[in-house]
Amino acid sequence: MLRPQRPILTVSMAPHVHCGRTIKGHMGETIIALMPAMVMAAMVFGMDAVRVMALSCAVAVTTEALCNRLAGRDPAVDDLHALLTGLLFACLLPASAPWWLVTVGSASSIGLGKAIFGGLGATPLCPPLVGWAVCRISWPKAMDTNTTMLGTTLPDPLQQLKFFGTDAVASLDPMALFTGHQLGGLGAVHIAALLAGGVFLLIRRHIAWEVPVAFIAGLLCTAWIYQLLDPAAHAAPLLHLLTGSAVFGAFFLATDPASSPIGRIPSLIYGLMAGVMVIIIRVYSIYPDGVPFAILLANLFTPLLDRIRPRPFGGPYTLTQEKEDQATCVKHCG
Amino acid sequence: MTDFSFSLLTGETGPLVKGARPDRLRVPLQGHRPVLAEGDQVLAGTLIAEAGDDRGDMHAPLAGTIRAVDRFAMLIETTDDGRAEPQAAPSEGGDILRRWLRSMGIDVRPLRRAPVLIVNAVPPEPGISIHDPLLRDYRKTVDLGLDTARRVIDHSRLFLVAARGNRANAFADCTVVHVPPVYPNGLDPLVVRAVTGGETLPGRHPDNAVILSVRDLYFIGRVMETGRPVTQTVMTIAGQNRLVHVGTPAGFLVAEAGGGVEDGDHVILGGLMRGIPALNIDQGVDKDTTGLHILSKTRAFVPVDGPCLGCGECERRCPARIMPGMISRCAEFKQFARTETFHIHSCIECGICGYWCKARRPLLQYIRLAKYELALLRSAIVPADTPANDQGRSRPADTRPEKNDA
């Protein structure tokens, strides 16, 4: 029966049509969503911010290529995930970050955050946050805008809140905070630009609404409860939302596809947990901004939350093991 | 690729066109046992292979000579006209009628006694409109099929399920249920749910209900009318519905529709979401083939062997509320028993997960592979002719579950 067939057909399994989306497109559009914040960072912090972003991206892509080579995989830098990870990490850094800090952080984002767990899709934690946590714990001074950015007139509301109390931040104009007139991560403080990017991601359906909405709701509610308990000691909910990397975390970090849960209810719980944790960390811990740690902690709950599932179609079912006896033999072999 | 729509609206469909006579037929055998061999002469309607189960026997669609027989197909070179004598239908109902229908090539697996009969008139997939001309122009035959089915099923209630916006004239004393005209609402498990409200595990018969499509009724009616076995199928080809002989090569149908196939093209028997790919253009259509599509190399979706991103898009779109992504990850690493914890048996194989997968993974293929391997695993049968050292093959992968689940 073997004879050359003309024409030779391609055989592939159903479905034979596709929505046309790719991983590269997903990553590319997330980078586009970050564009406004990047432009704002360049405008507010100048070439320093551009330097940090460029270095972080370059190191991330190089590390990814190296890790792929070490693991004997096909190079996967063209899916843009490494570039996006480098960019997200840079957005969390102060514009004053020295080159070695950027290099170490960006390399550990990819190496420790992604490659060590098996690459794309296998990351239990949001990769840029792993790099951030390494830097924040190892070199707290270099990550601190209080000690490195003395030459600026911009306020750092969360530092002031932590060390000088609510009076120090009472005079801050929410509108100015909204447009990014504050210190913090170089990309994470441009709330308006990030919101625009987040809405773009939501419209393009790259992220689902559950995580950002639950995150912001959890953050606002917890802050509101604390303010009710003691208005003198705790800042207003709006201030908590408009400072630090709250909005950045809600739209870009907590929604990381691999490390966030999948279903609707798990996503809502996950977002709420992260949002609540932000305020708890901001109130009680030594770290002014609780967002990265809050999201890392929520990431750890993802496998647990993914167990909350709706009832499968037709109910749960397990194929029973047939006995290896004569009757089965006759049934299958005739 | 992106102009594909999930809409099941069929609009205006033309009349049912009768296909021309191909000079060669490749009749597919699905577990059928051939009763004739190479070189035998057959008439149209001669029994050529017996079904192993209730699928229905296979008969020669046209008169001719059997040129080749293998496990999967029987090649018949058609010669001249010549038809086997029609047979008289039994006057009894119930099991006698059921067995007779089976011998006439009807798939009688769904035919059981049940209080409810559901007639599915929803297109199974986008772009397939086979039910429309049958309901409209062959009303008498369909009604006869319904009466015959009643003699076996003995139902007391009748439902007709149609897509909202498509034309469907009700039968006598039946309830019409409309479903939204969106794929996958035409698939049997979802149609049953739309009527009874209960969910049946895919691949099982619903409790207290029987589901038949308009096409099934039409062919039962045809058998009763003519006394000749079913050797045809209805296919939507390029928007036109055709009555095609089983075994007609795909290439013949393409040529008839005025198309052409080039190297690297995909020829799909069935719809674009669930259809099976033809291995070559000589492959014959089967009794349950509903359509024919040709996709050029650039338009067709070819999955890639990439990692799962974990974005959850498949899970959000899944009508069976399962996690195709996790199932595919388990199947990828041969952890087939573990796919059951993600409820693989609930999958209705609609292909929607693969359509939306950003990583372009062959999700449906992984699911089918895992189902197949699970069936092997659980049947625990070592075929008698397997050499001793090869026995491990029938129980792959999951011999050390502790290690896999760690």
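The values are calculated or read from the model by the stated rules, or taken from the named source; none is laboratory data. Predicted, not measured: the structure shown is a model, and the values here were computed from it. Here the Cβ positions follow ideal geometry from the backbone for every residue, glycine too, while neighbour counts run over all protein chains shown.
Summary table
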read-out: Test: residue in the stretch A:215-225 that is of a type outside the set (Gly, Ala, Ser), touching a Ser or Thr at 6+ places or on another chain (Cβ under 6 Å) and touching a residue at least 12 places away in the same chain (Cβ under 8 Å); value: no
read-out: Criterion (over 24 Å from A:ILE137 (Cα atoms), out of contact with any His (no Cβ under 9 Å at 6 or more places or on another chain) and buried (at least 21 other Cβ atoms within 10 Å of the Cβ)) met by exactly one of A:GLY249, A:GLY290, A:GLY271, A:GLY275; value: A:GLY271
read-out: Number of the exception - A:TRP209 against (1) touching a residue at least 12 places away in the same chain (Cβ under 8 Å); (2) within 14 Å of chain B (Cβ to nearest Cβ); value: (1)
read-out: Test set (1) free of Cβ contacts under 8 Å to residues at least 24 places away in the same chain; (2) farther than 19 Å from B:CYS353 by Cβ; (3) out of contact with any Pro (no Cβ under 8 Å at 6 or more places or on another chain); (4) not polar (S, T, N, Q) - B:MET323 fails condition number; value: (2)
read-out: Residue list for the stretch B:162-177, restricted to those being buried (at least 16 other Cβ atoms within 10 Å of the Cβ) and not hydrophobic (A, V, I, L, M, F, W, C); value: B:ASN166
read-out: Any chance A:GLY28 is under 17 Å from the mean Cα position of the chain (by Cα), within 14 Å of chain B (Cβ to nearest Cβ) and surrounded by fewer than 17 Cβ atoms within 10 Å (Cβ to Cβ); value: yes
read-out: In the stretch B:128-155, the residues that are modelled with pLDDT of 90 or more and assigned to a loop (DSSP other than H, G, I, E, B); value: B:ILE128, B:SER129, B:ILE130, B:TYR138
read-out: Residue in the stretch B:1-54 that is modelled with the lowest pLDDT, counting only those that are among the β-branched types (Val, Ile, Thr) and not in a strand (DSSP E or B); value: B:THR2
read-out: A:ILE262 being outside any helix (DSSP H, G or I) and within 14 Å of chain B (Cβ to nearest Cβ); value: yes
read-out: Among the residues listed as B:ARG33, B:ARG113, the single one being under 24 Å from the mean Cα position of the chain (by Cα) and in contact (Cβ under 8 Å) with a residue 40 or more places away in the chain; value: B:ARG113
read-out: Residue that is farthest from B:LEU272 (Cα to Cα) [pool: residues in the stretch B:1-23 that are touching a residue at least 12 places away in the same chain (Cβ under 8 Å) and within 14 Å of chain A (Cβ to nearest Cβ)]; value: B:SER7
read-out: B:ALA68 vs. criteria outside the structural domain of B:ARG167 (by TED's automatic domain parsing), closer than 26 Å to B:ALA255 by Cα and either surrounded by 13 or more Cβ atoms within 10 Å (Cβ to Cβ) or out of contact with any Phe, Trp or Tyr (no Cβ under 8 Å at 6 or more places or on another chain) (or both); value: yes
read-out: Total residues in the stretch B:255-274, condition surrounded by 20 or more Cβ atoms within 10 Å (Cβ to Cβ) and without any contact (Cβ under 8 Å) to a residue 60 or more places away in the chain; value: 6
read-out: Spans of helices (runs of 4 or more DSSP H) in the stretch B:309-406 with at least 2 residues at pLDDT 90 or above and aromatic (Phe, Trp, Tyr); value: B:352-356, B:363-379
read-out: Count of the stretch A:316-326 residues which are exposed (fewer than 13 other Cβ atoms within 10 Å of the Cβ) and at the interface with chain B (Cβ under 10 Å from one of its Cβ atoms); value: 5
read-out: Test for B:ASP3: is it over 23 Å from the mean Cα position of the chain (by Cα), closer than 30 Å to A:GLY20 by Cα and surrounded by fewer than 20 Cβ atoms within 10 Å (Cβ to Cβ); value: yes
read-out: Residue match in the stretch B:330-337 (condition: within 8 Å of chain A (Cβ to nearest Cβ) and either more than 30 Å from B:GLN232 (Cα to Cα) or crowded, with 24+ Cβ neighbours inside 10 Å (or both)); value: no
read-out: Failed item in (1) surrounded by 17 or more Cβ atoms within 10 Å (Cβ to Cβ); (2) small (Gly, Ala, Ser); (3) in contact (Cβ under 8 Å) with a residue 40 or more places away in the chain, with A:ALA236 passing the rest; value: (3)
read-out: Where a residue in the stretch A:66-79 is part of a helix (DSSP H, G or I) and its partner, wherever it lies, is among the small types (Gly, Ala, Ser), with Cβ under 6 Å and at least six apart; value: A:CYS67/A:ALA115; A:ASN68/A:ALA76; A:VAL77/A:ALA65
read-out: One residue from B:LEU292, B:LEU279 being within 19 Å of the chain's Cα centre (by Cα) and without any contact (Cβ under 8 Å) to a residue 24 or more places away in the chain; value: B:LEU279
read-out: Failed criterion for A:SER56 (all others in (1) within 14 Å of chain B (Cβ to nearest Cβ); (2) within 20 Å of A:SER245 (Cα to Cα) hold); value: (1)
read-out: Matching residues in the stretch A:34-49 - criterion: being closer than 10 Å to A:LEU186 by Cα and either surrounded by 21 or more Cβ atoms within 10 Å (Cβ to Cβ) or in contact with a Gly (Cβ under 9 Å, 6 or more places away or on another chain) (or both); value: A:ALA37, A:MET38, A:MET40, A:ALA41, A:VAL44, A:PHE45, A:ALA49
read-out: Top-ranked residue in the stretch B:275-304 [being among the β-branched types (Val, Ile, Thr) and assigned to a loop (DSSP other than H, G, I, E, B); ranked as surrounded by the most Cβ atoms within 10 Å (Cβ to Cβ)]; value: B:VAL285
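Conditions tested, residue by residue: (1) within 17 Å of A:LEU129 (Cα to Cα); (2) more than 8 Å from every other protein chain (Cβ to nearest Cβ); (3) in a helix (DSSP H, G or I); (4) at pLDDT below 90.
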position: A:ALA250; (1), (2), (3), (4): yes, yes, yes, no
position: A:PRO257; (1), (2), (3), (4): yes, no, no, no
position: A:PRO266; (1), (2), (3), (4): no, yes, yes, no
position: A:ILE269; (1), (2), (3), (4): no, yes, yes, no
position: A:VAL283; (1), (2), (3), (4): no, yes, yes, no
position: A:TYR287; (1), (2), (3), (4): yes, yes, no, yes
position: A:LEU300; (1), (2), (3), (4): yes, yes, yes, no
position: A:PRO312; (1), (2), (3), (4): no, no, no, no
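Results for (1) facing chain A (nearest Cβ under 9 Å); (2) in contact with a His (Cβ under 8 Å, 6 or more places away or on another chain); (3) crowded, with 19+ Cβ neighbours inside 10 Å, shown as yes or no for each residue.
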{"position": "B:GLY306", "(1), (2), (3)": "yes, no, no"}
{"position": "B:GLY310", "(1), (2), (3)": "yes, no, yes"}
{"position": "B:GLU313", "(1), (2), (3)": "yes, no, yes"}
{"position": "B:ARG317", "(1), (2), (3)": "no, no, no"}
{"position": "B:HIS343", "(1), (2), (3)": "yes, no, yes"}
{"position": "B:CYS350", "(1), (2), (3)": "yes, no, yes"}
{"position": "B:CYS353", "(1), (2), (3)": "yes, no, yes"}
{"position": "B:LYS358", "(1), (2), (3)": "yes, yes, yes"}
{"position": "B:LEU364", "(1), (2), (3)": "yes, no, yes"}
